[in-house]
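S.K.: Supplied in structure tokens, the structure appears directly below.
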Amino acid sequence: MSEPILEVTGLGVEFDSRRGNAAVLNDVGFTLAPGETLGLVGESGCGKSMTALAIMRLIPSPPGRITRGAIRFRGEDLLKVSEARMRAIRGKEISMIFQEPMTALNPVYTIGNQIIETIRLHLGLSGNTARTRAIEMLTAVGIPAPDRRIDEYPHQLSGGMRQRVMIAMALVCKPAVLIADEPTTALDVTVQAQILDLLQELQTTTGTAILLITHDMAVVARMADRVVVMYAGRNVEEGGATAVLERPSHPYSRGLIDCLPSIETGERPAYLPEIAGMVPSIWEHQPGCPFASRCSYVMDRCRSDMPPRFRTDAMRRVACWLCGDKVVQ
Amino acid sequence: MSAPLLQVRELKVHFRRRTGWRRSASVVHAVDGVSFVLTRGTAFGLVGESGCGKTTTALALMQLVPVTSGSVELAGIDLTRLSGDALREQRRHLQMVFQDPYSSLNPRERAGNLVRAPLDLMRIDTPRARDERVANLFAAVGLRPEHRFLFPHQFSGGQRQRINIARALATNPALVVCDEPVSALDVAVRAQTLNLLRRLQLEMGLTYFFISHDIAVVAHLCDEVAVMYLGQIVEQAPRRAFFARPLHPYSRALIAAVPSMERGRQTARTRLEGDPPNPLEPPRGCRFAPRCPYAQSICQTTAPPLRAVDGATRAVACHFVDDSGRTLFVPFDHDRADASMADRFAARTIPN
């Protein structure tokens with residue numbers, strides 16, 4: 001395995017609020033190798049998007065605060081670099097696409113304007129060269145009649161087309177890392193398939209590593225090489241995508257996989273297996289495993305001691321006491 | 001087989017739209033001749049992409065948009081001919097759950113009042129009995145009694161959808177129209193909500209008209225599946241027959257687009273390019289022809305009618321499906337690929 005391009009270790013983020021300190025991220029850590037796709041999966045509120053914002057250093061502060069950990073990009077700790085350096089990295093080396101393409105694009109500028117801004121700032125091109133580059137990029141993301149579309153406003157495009165524009169903007173500088181935060185959640189399934197295909201095709205030509213944030217295990221199955229399952233601000237399982245999806249070790253990963261309705265079975269179950277209960281509140285600091293209250297395999301130890309990340313095979317790490325006896329040294 | 005609860009015939013909803021100053025009005029064919037029957041106690045699923053007319057169909061059933069032509073008969077009464085009090089009286093029997101759990105609840109009303117509102121408006125029961133009914137509804141959808149006194153913003157998305165469901169069930173309707181009730185929810189909460197809908201259906205004998213763009217959700221909940229494209233139904237079949245062997249190329253594309261755990265990284269065989277065409281000027285022939293991988297010259301000129309195939313067990317609108325339900329697509333290699341998938345289904349459905 002090659003040297004990781006992005007390495008997140010022990011990341012913790014807190015927010016001040018009227019109800020006290022909210023620990024949004026407790027202990028998040030993973031690595032991203034060049035050219036690979038890492039799926040970051042979990043329910044709403046588990047800290048997926050917050051991890052992405054922390055990497056981009058976009059957490060509003062105050063009230064937010066990165067309390068500990070490190071984010072190393074090509075060996076450089078992004079939490080320590082200057083704002084000017086961060087601006088040079090953001091959009092050029094690491095870029096991001098968001099869930100809702102309508103709110104992520106500026107409605108009062110043409111899409112061409114918005115793409116060309118990135119090109120001018122990071123690639124130093126101007127005038128017609130920048131415009132030509134933008135049209136090439138729109139062609140690459142499959143927008144028909146790009147020389148006409150470039151002068152249109154976001155509201156003139158469909159949801160799928162807008163997401164293509166976002167991708168064009170994010171990839172125009174051939175970034176080393178692309179953070180895709182629920183890129184297809186707001187889209188129809190048919191358009192989702194197109195966008196996922198597009199991301200994969202572009203990845204093979206640019207060699208960009210993708211951090212794919214999603215709550216849908218099926219999207220992970222379709223896209224990711226490796227997967228990190230997050231729960232309550234920490235990663236509970238990490239491993240090769242196929243291995244985790246076929247044999248999840250953590251009860252939470254299992255639950256996320258089982259609760260998907262499937263079209264591939266002839267006999268349907270009357271009810272879907274569900275994960276009982278709800279995500280714990282970010283204001284409550286309880287000892288032990290955060291999943292204990294919803295877990296069907298819960299033991300006494302789970303309620304008092306936080307399980308460390310056990311390494312169960314070469315790639316797999318699982319934060320569950322059930323895996324404590326399967327540790328590989 | 002019990003009697004049909006709802007019979008929809010040749011339903012059309014057209015909107016007139018002015019595209020600019022002094023230009024003549026154009027007509028959006030949002031729903032263009034849709035017919036189907038809902039059997040009591042079953043769930044009917046309508047799938048299709050955004051803008052295909054699913055939601056307009058639902059609103060037309062509820063008589064919430066002006067119906068251009070056609071009829072909607074609920075237990076033998078044509079709703080399109082009713083108005084005023086007579087229509088309100090019938091609305092007791094059909095209620096709706098909306099897609100967005102955030103915008104469909106009044107933020108200034110307490111949850112209990114939201115659920116009670118339909119009872120007050122339709123003057124059902126005595127005021128005291130209404131309180132009791134609200135309490136029972138909260139219990140039925142898995143909310144705690146004290147939740148009645150909270151405001152919508154104090155609930156999570158899943159809980160709000162439960163309030164929506166409780167409100168829809170308040171008048172004890174026979175038919176519940178669900179417009180993408182789980183699309184805005186996370187996978188884990190989605191499973192809980194689907195299970196709730198199933199449990200309520202079994203306990204209360206509800207009939208669902210269920211709309212979704214996610215065919216997997218429909219596969220789980222529905223007994224009958226209809227696929228809609230640009231204002232028309234292109235295929236309708238019982239759930240099992242549909243998923244074992246979808247006939248229309250569009251149905252196949254929809255199924256292929258769903259990412260699944262089983263297929264994993266395998267890319268879909270039938271990729272659907274582009275967006276649906278403009279409902280202002282639908283294509284002259286088959287509406288799906290511009291995106292169809294199997295389209296021939298006849299598809300460009302002649303619109304295929306929705307016709308019964310395979311011993312009238314299902315219906316499809318495609319020139320290249322024969323009366324016994326065999327597909328005659330050219331090129332055939334695509335078909336062979338699909339056939340192997342059908343074999344896999346067949347292998348799994350054989351009873352032991």
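The values are calculated or read from the model by the stated rules, or taken from the named source; none is laboratory data. From a predicted model like this one, the values you see are computed outputs, not experimental measurements. Backbone-built Cβ (ideal geometry, glycine too); neighbour counts: all protein chains shown. Ligands, DNA and RNA are stripped out before the accessible areas are found, and what is left, the full protein with its side chains, is counted by its heavy atoms. Shrake-Rupley method; radii C 1.70, N 1.55, O 1.52, S 1.80 Å.
S.K.: Please work out the Cα center distance from region A:290-329 to region A:138-209, rounded to the nearest Å.
M.R.: Region A:290-329 and region A:138-209 have Cα centres spaced 39 Å from each other.
S.K.: Also: Roughly how many nanometres apart are two label points built 7 Å out from the Cα toward the Cβ at A:Met86 and A:Ala314?
M.R.: About 3.8 nm separates the two model spin labels.
S.K.: Next question, about the same structure. Can you work out the accessible area per residue across chain B, with the rest of the protein chains kept in place, probe 1.4 Å, in square angstrom?
M.R.: Dividing the accessible area of chain B by its residue count gives 44 Å².
S.K.: Provide the FRET efficiency to the nearest 0.05 for the A:Thr110-B:Ala75 pair, computing r from the beta carbons and using R0 = 51 Å.
M.R.: 0.40
S.K.: Report, in debye and to the nearest 20, how large the dipole of chain A comes out about its Cα centre when Lys and Arg carry +1 and Asp and Glu carry -1 on their Cβ.
M.R.: Once rounded to the nearest 20, the dipole reads 780 debye.
S.K.: When DSSP beta bridges are limited to those with both residues in the protein assembly as shown, what percentage is antiparallel, rounded to the nearest 5?
M.R.: 60
S.K.: Between B and A, buried accessible area summed over both sides at probe 1.4 Å, in Å² to the nearest 100?
M.R.: 4300
S.K.: Give the distance, in whole Å, between the Cα centre of region B:126-148 and the Cα centre of region B:75-112.
M.R.: 19
S.K.: Still on this structure, I have one more. Any residues in region B:212-240 that have 30 Å² or more less accessible area with all protein chains than in their chain alone, probe 1.4 Å, and which are they?
M.R.: B:His213, B:Ala216, B:His220, B:Arg239, B:Arg240
S.K.: A follow-up question, please. Provide the three semi-axes, in whole Å and in decreasing order, of the ellipsoid equivalent to region B:73-159 as defined by the square roots of 5 times the Cα gyration tensor eigenvalues.
M.R.: 27, 16, 12
S.K.: Continuing with the same structure: Report the extension gain between B:Asp323 and B:Arg240 in nm, rounded to one decimal, defined as 0.36 nm multiplied by the number of residues separating them, less their alpha carbon distance.
M.R.: Taking 0.36 nm per residue and subtracting the Cα distance, the gain is 28.0 nm.
S.K.: So, one more: Once you put a point 7 Å from the Cα of B:Glu203 and another 7 Å from the Cα of B:Asn172, both along the Cβ direction, what distance in nm separates them?
M.R.: Using points 7 Å along Cα→Cβ, the separation is 1.6 nm.
S.K.: What figure in square angstrom, to the nearest 10, would you give for the accessible area of A:Phe291 with a 1.4 Å probe?
M.R.: 10
S.K.: Going by alpha carbons, how many degrees (0 to 90, nearest 10) lie between the helix axis of A:111-123 and the longest principal axis of chain A?
M.R.: The angle comes out at about 80 degrees.
S.K.: Reachable lysines from A:Lys80, Cα under 30 Å, same-chain residues fewer than 8 places away excluded?
M.R.: List returned: A:Lys48, A:Lys92, A:Lys174.
S.K.: Hey, another quick one. Which FRET efficiency value, to the nearest 0.05, is calculated for A:Thr204 and A:Leu123 with the Förster distance at 25 angstrom and r the Cβ-Cβ distance?
M.R.: 0.70
S.K.: Next question, about the same structure. Where the accessible area of region B:275-319 is counted over protein heavy atoms with a 1.4 Å probe, how much of it, in %, is carbon and sulfur?
M.R.: Carbon and sulfur together cover 53 percent of it.
S.K.: Would you please give the FRET efficiency between A:Thr242 and B:Glu109, computed as 1/(1 + (r/R0)^6) with r the Cβ-Cβ distance and R0 = 56 Å, to the nearest 0.05?
M.R.: 0.70
S.K.: Leaving ligands and nucleic acids out of the surface, order B:Lys12, A:Lys80 by accessible area at 1.4 Å, largest first.
M.R.: Result of the area sort, largest leading: A:Lys80, B:Lys12.
S.K.: Oh, and also: Label 7 Å along Cα→Cβ of B:Arg9; region B:71-109 residues with amide nitrogen under 20 Å?
M.R.: Label zone hits: B:71-83.
S.K.: Something else now. Taking a probe of 1.4 Å, how large is the accessible area per residue of chain A, in Å²?
M.R.: Here the per-residue accessible area is 42 Å².
S.K.: Excluding B:Cys299 itself, calculate the net charge of residues whose Cβ lies under 12 Å from the Cβ of B:Cys299, where each Lys or Arg counts +1 and each Asp or Glu counts -1.
M.R.: Local charge sum for B:Cys299: +3.
S.K.: So if I take the centroid of the Cα atoms in region B:211-236 and the same for region A:49-94, what is the distance between those two points in Å?
M.R.: 44
S.K.: Please sort A:218-229, B:190-201, A:106-117 by packing, taking for each peptide the average over its residues of neighbouring beta carbons within 10 angstrom, highest first.
M.R.: A:218-229, B:190-201, A:106-117
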